[in-house]
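Student: Take a look at the following structure, please.
The values are calculated or read from the model by the stated rules, or taken from the named source; none is laboratory data. Being a predicted model, the structure only gives us computed values, none of them experimental. Cβ: placed from backbone, ideal geometry, glycine included. Neighbour counts: every protein chain shown. Just so you know, the surface numbers come from the protein's heavy atoms only, side chains and all, with ligands and any DNA or RNA stripped out. Shrake-Rupley method; radii C 1.70, N 1.55, O 1.52, S 1.80 Å.
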Amino acid sequence: MFARPVDDPHRNTLRPTVTGTSAIGIKYKGGVMLATDTIACYGNWLRYKDVQRIHQVSQDTILAMNGEMSDFQKVQQILEQKRIAEYCMDDGSTQTTAELHSFLTRTMYQKRCKFDPLWNMLLVGGFRDGEAYLGYTDLYGTGFTDNYLATGLGMYMALPLMRNQWTPDMTEAEARILLETALKICYYRDTRASNKVQIARVDATGVHIDEPITLKGEWNHARFVEGSAKAGDGGW
């Protein structure tokens with residue numbers, strides 16, 4: 001009805017403020033597993049240390065995020081509105097993980113085209129009818145699937161490890177060990193990562209989101225203890 005005051009223009013997310021770092025996902029024989037740490041950073045400050053960045057979308061689908069926390073809350077609201085609309089149809093049908101992944105990708109692309117992006121990189125995992133699904137989407141509306149995925153710095157640190165060690169017949173226990181190893185690498189290399197992590201899985205029995213655990217790091221490597229200043233390169 002009335003124009004916005006000049007001194008109060010409409011503003012979109014152009015620079016994330018409170019953010020979460022890498023999310024990692026992997027398929028295994030009989031399910032799919034997602035993992036994140038529990039940190040949300042305010043700039044470079046590790047401000048919030050007990051944040052859940054994994055969200056249960058339905059009885060067989062979970063979502064893990066990297067990026068702006070407030071935009072992730074918006075994504076959760078959009079998915080909840082869709083769940084309610086689906087429930088009101090009362091036809092006994094629910095969307096598959098692949099359909100939800102496609103919907104999220106189209107939503108992210110539509111927001112991007114309006115110059116109002118949801119500043120997130122998302123992993124979508126699910127299991128139905130004996131088949132695991134793992135997909136990726138981001139603020140540009142890019143979407144694809146794979147057997148193992150990572151977001152953020154995990155793309156550079158975790159993916160090479162998973163390429164070398166992932167196998168199609170990997171058990172749940174082997175997948176968990178591989179995820180924990182990848183999360184440790186991100187913790188060592190990413191200043192905004194934490195060793196307090198949360199792992200969730202989807203299998204034939206449904207969605208299981210574990211309580212956060214603390215990974216044990218190894219800091220007694222010779223270079224960590226001695227430093228490298230003695231080599232004359234100015235390092236610590």
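Student: Can you tell me how much longer the chain between R223 and E172 gets when fully stretched, taken as 0.36 nm per residue apart minus their C-alpha distance, in nm with one decimal? Before the final figure, lay out the partial values.
Tutor: Working: separation 51, 0.36 × 51 = 18.36 nm, distance 3.45 nm.
Once the chain is fully extended between R223 and E172, it gains 14.9 nm.
Student: Working from the alpha-carbon coordinates of region 100-185, get Rg over Rh, Rh being the Kirkwood radius. Can you show the working numbers first?
Tutor: On the way: Rg = 14.5 Å, Rh = 14.1 Å.
A ratio of 1.03.
Student: Taking a probe of 1.4 angstrom, what is the accessible area of H221 in Å², to the nearest 10?
Tutor: 90
Student: No solvent, one uniform scatterer per C-alpha: report log10 I(q)/I(0) for region 173-226 via the Debye equation at q = 0.29 1/Å, two decimals.
Tutor: Listed by q, the Debye log ratios stand at -1.21.
Student: Tell me the per residue accessible area of the chain using a 1.4 Å probe; a whole number in Å² is fine. Don't skip to the end; give the middle numbers.
Tutor: Details: 13410 Å² over 236 residues.
I get 57 Å² per residue for the chain.
Student: Report, to the nearest whole %, how much of the accessible area of the chain belongs to carbon and sulfur atoms, 1.4 Å probe, protein only.
Tutor: Working: 6970 of 13410 Å².
About 52 percent, which is the carbon plus sulfur part of the accessible surface.
Student: Under a 1.4 angstrom probe, counting protein chains only, how are F115, F144, F103, F127 ranked by accessible area, largest first? Can you show the working numbers first?
Tutor: Working: F115 160, F144 90, F103 60, F127 25 Å².
The most accessible residue leads, giving F115, F144, F103, F127.
Student: Now for a separate question. Using bins 5 angstrom wide from zero, how does P(r) for region 36-78 break down, in % of all Cα pairs?
Tutor: Result returned by the calculation: 6, 20, 30, 24, 12, 5, 2, 0.
Student: Shifting gears a bit: Among Q56, L46, W119, flag the residue with its Cα farthest along the positive direction of the charge dipole of the chain, charges on Cβ as +1 for Lys/Arg and -1 for Asp/Glu.
Tutor: Toward the positive end, the furthest listed residue is L46.
Student: Can I ask one more? Could you sort W45, W219, W119, W166 by accessible area so the largest value comes first, with the probe set to 1.4 Å?
Tutor: Numbers: W45 150, W219 125, W119 75, W166 45 Å².
Ranked list, largest accessible area first: W45, W219, W119, W166.
Student: How large is the direction-averaged shadow of the alpha-carbon convex hull of the chain, in nm²? Don't jump to the answer; show the numbers that get you there.
Tutor: Details: hull surface 70.1 nm².
Quarter of the Cα hull surface area: 17.5 nm².
Student: About the Cα centre, and with charges only on the beta carbon of Lys, Arg (+1) and Asp, Glu (-1), how big is the dipole of region 1-150? Nearest 20 debye, please.
Tutor: Values: 16 positive and 17 negative charges, 88 e Å.
In debye, rounded to 20, region 1-150 gives about 420.
Student: As an exercise, find the ratio Rg/Rh for region 50-106 from alpha-carbon atoms, using the Kirkwood inverse-distance average for Rh.
Tutor: Numbers: Rg = 11.9 Å, Rh = 12.2 Å.
Checking Rg against Rh, the ratio lands at 0.98.
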